[in-house]
1. Could you list, in sequence order, the residues of the range 53-88 that are within 13 Å of G21 (Cβ to Cβ) and acidic (D, E)?
2. Quick one: which residue in F43, F70 is farther than 23 Å from K8 by Cα, among the aromatic types (F, W, Y) and modelled with pLDDT under 85?
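The values are calculated or read from the model by the stated rules, or taken from the named source; none is laboratory data. As the structure is a computational prediction, the values presented were derived from the model and not from experiment. When we count neighbours, we look across all protein chains shown, and the Cβ atoms used for this are built from the backbone with ideal geometry, even at glycine.
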Amino acid sequence: MGADGHYKFSDAGLGDIQSVGQQQVAVCNEIWGDVMSRISALFPDGQIDAGLAAVLSERNEQYQKQVQQFTDDMDLQNVAVGNTRQIAAEGGQMMRNAVRL
């Protein structure tokens, strides 16, 4: 409750929720990219064993698929959080308007 005796809605925490997942994906992609670069550097002339190449390719595809699914899920969550913020702001405005009547 504010000093004026009224409750004040703050949606700052909701914005944080929306950005945390995006930051996590960026960090994971950076780590994964570094791992793949280091592995590739071990075989500078492309002389990588076919079995190892297949495993790395499969793991990379799995990683990309899982990251994409996480990103898609996070996007849906962000839409829901954005809708919650909008509904809260509209509800707060309607309450302020009602008090003024």
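1. Result: D72, D73, D75.
2. Numbers: F70 fails: modelled with pLDDT under 85.
The conditions single out F43.
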